[in-house]
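FYI, it's all coordinate maths here, none of it is from the lab. What you see is a predicted model; the values in this text were computed from it and never measured. Positions of Cβ are generated from backbone atoms using ideal geometry, with glycine treated the same way; all protein chains shown enter the neighbour counts.
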There are 2 protein chains.
Amino acid sequence: MTHRDNIINLAEKPVARGPVAGAEADLRAEQKPKKYAHKKLLAIEAAAKVFAEKGFHGATTQDIAKEMGIQQGSLYYYFKSREQALQEVCEYGFDVYVERMKKICVKDQPFEAKMMAIITSHLTNYSHKDSAMKVHNEQRLYLPVERRSRIKELGTNYRRLLEATLTEGINAGVLRADIDTHFIAYSIIGICNSWGANLIRDDSLNLFETIEQCSDLILYGTLCKNV
Amino acid sequence: MTHRDNIINLAEKPVARGPVAGAEADLRAEQKPKKYAHKKLLAIEAAAKVFAEKGFHGATTQDIAKEMGIQQGSLYYYFKSREQALQEVCEYGFDVYVERMKKICVKDQPFEAKMMAIITSHLTNYSHKDSAMKVHNEQRLYLPVERRSRIKELGTNYRRLLEATLTEGINAGVLRADIDTHFIAYSIIGICNSWGANLIRDDSLNLFETIEQCSDLILYGTLCKNV
DNA sequence: GGAATTTTCTATAGATCTATAGAAAAATAT
DNA sequence: ATATTTTTCTATAGATCTATAGAAAATTCC
């Protein structure tokens, strides 16, 4: 079995769905109401924005409700609790995100291009999904473990895809054979998260320049080639 | 003026002390009491630990007092407010830290060794100063701007030292001439903070291996040299 | 030992904030 | 038009949590 097979297997294994421990699926969303599903999304986005700004513990249900333009008490029509709101924000978009990552990893293209696509995907997520990704990175550990299983699962999937891609790069002779794929995967995620947070904070930063610089650093390092 | 001169100048300019806006120096600590100064340090460390675990907004004065083994109300003997405790935790150790950085940057040694020393210093800080550095990284933005001036100043000093060292590396022909020192400096800090947080969380991680791997990634990147 | 000073304790006012209950309003269906 | 369902509102109990005040205990000084 080749490493490409490995990646394809990982990529095609459907993400486990259905009730995960502590997930408490939103019954309303799966049933009749029409308007509900849409407004629930708005609620998640409002929560994401507020959590991103004030942190989980610093954000009140009042704040989130205000962001949505409804009364504090009404928020409980969409979330059973403030904690559940955090959970849903953390999970929001991560699904899509991991799926996108799978497509990138499976695609047959030069390693450098793949790395750039991965970084682009990671950083673009910060600017598109608004604040959900930032909240995921910074606040998820405030969730009790029971609520984190799905998030952890998605994160592990993501990291494994990255590691497999790195291994593939080594086998293809593109990457150094002596790197630790686990370490490098974590580092890439670390750099991306760090710049992702900067991108959100600082409007003057250019997304595409940042992507290029990140790729460049990870691939080529900083030492002069002539030495 | 050479770049080395630049660094030396930076390194020898004494860190601005005295009352910074919003700093509200702890009068008690500067006056007579003997036991006070010592126990105040314990208070800062207790606060650091609790803030690191629960986040600023998630940590109560009760939690901090309990960590110190005193009553909730007694905590106010050491801090005027919970917010001031956060400020002091964020500043704690950073002084020493920047001083250490200056010494490293000024010292005449091969660039690779310097980079390793810088990373060692940054990561060691995480394991020694317990949680203060983590709190600084994750929670300082919850402080109102008035309380952040000193912290910002120290951070800028630190980053400038790093940038100057990188520039020096370029001029010495060791580093690629086309890197953006500002970008690389931020990235180094990002990687270190990301691994620093991992080190605190995961006991099984080896500090020295992590240091070597970080240096290696930043200097050499991941691409195979033969390509 | 007794006075002065430092440190800690107890108790609490006043200000949140979450989550719920039940009424009201809006939307949809019949 | 009326009944049914969905969505929002108001009001509030009950549970925090911060910060202060003043008494008590511990320590230091003479």
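A few comments on the model shown:
- Taking θ as phi - 60° and the Karplus parameters 6.51, -1.76 and 1.60, the scalar couplings of the stretch B:79-89 work out to 10, 5, 7, 5, 5, 5, 4, 4, 4, 5, 4 Hz in sequence order, x denoting glycine and proline.
- Its Cα gyration tensor gives the stretch B:145-225 an equivalent ellipsoid. The semi-axes, each the square root of 5 times an eigenvalue, are 24, 23, 9 Å from largest down.
- Unsatisfied cross-links (Cα-Cα over 24 Å) in the set A:LYS134/B:LYS80; A:LYS66/A:LYS152; A:LYS54/B:LYS54; A:LYS35/A:LYS103; B:LYS49/B:LYS152: A:LYS134/B:LYS80; A:LYS66/A:LYS152; A:LYS35/A:LYS103
- Rounded to the nearest 20 debye, the dipole magnitude of the stretch B:27-89 is 340 debye, with +1 charges on Lys and Arg beta carbons, -1 on Asp and Glu beta carbons, and the Cα centre as origin.
- Leading residue at positive end of dipole, the stretch B:73-227 (Cβ point charges), from B:LEU223, B:GLN109, B:GLN87: B:GLN87
- Taken about its Cα centre, the stretch A:107-167 carries a charge dipole of roughly 220 debye when the Cβ of each Lys and Arg holds +1 and the Cβ of each Asp and Glu holds -1.
- Computed label-point distance, nm, for sites A:LYS80 and B:LYS103 using a 7 Å Cα→Cβ extension: 5.5 nm
- Per-q log10 I(q)/I(0), the stretch B:38-143, q = 0.21 Å⁻¹ (Debye; single scatterer per alpha-carbon; no solvent): -1.00
- Rg over Rh, two decimals, the stretch B:121-169 (C-alpha only, Kirkwood Rh): 1.05
- The mean of 1/r over all pairs of different alpha-carbon atoms in the stretch B:60-113, once inverted, gives a Kirkwood hydrodynamic radius of 13.7 Å.
- Close amide H contacts of B:LEU175 (hydrogens built in the peptide plane, cut-off under 5 Å, sequence separation of 5 or more or a different chain): A:CYS224, B:ILE170.
- Remark: B:ARG160, B:ARG150 ranked as B:ARG160, B:ARG150, counting other beta-carbon atoms within 10 Å and listing the fewest first.
- Fewest-first ordering of A:THR61, A:THR165 by other beta carbons within 10 Å of each residue's beta carbon gives A:THR61, A:THR165.
- Cβ-based exposure ranking for A:LYS134, A:LYS225, B:LYS54, in which fewest neighbours within 10 Å come first: A:LYS225, B:LYS54, A:LYS134
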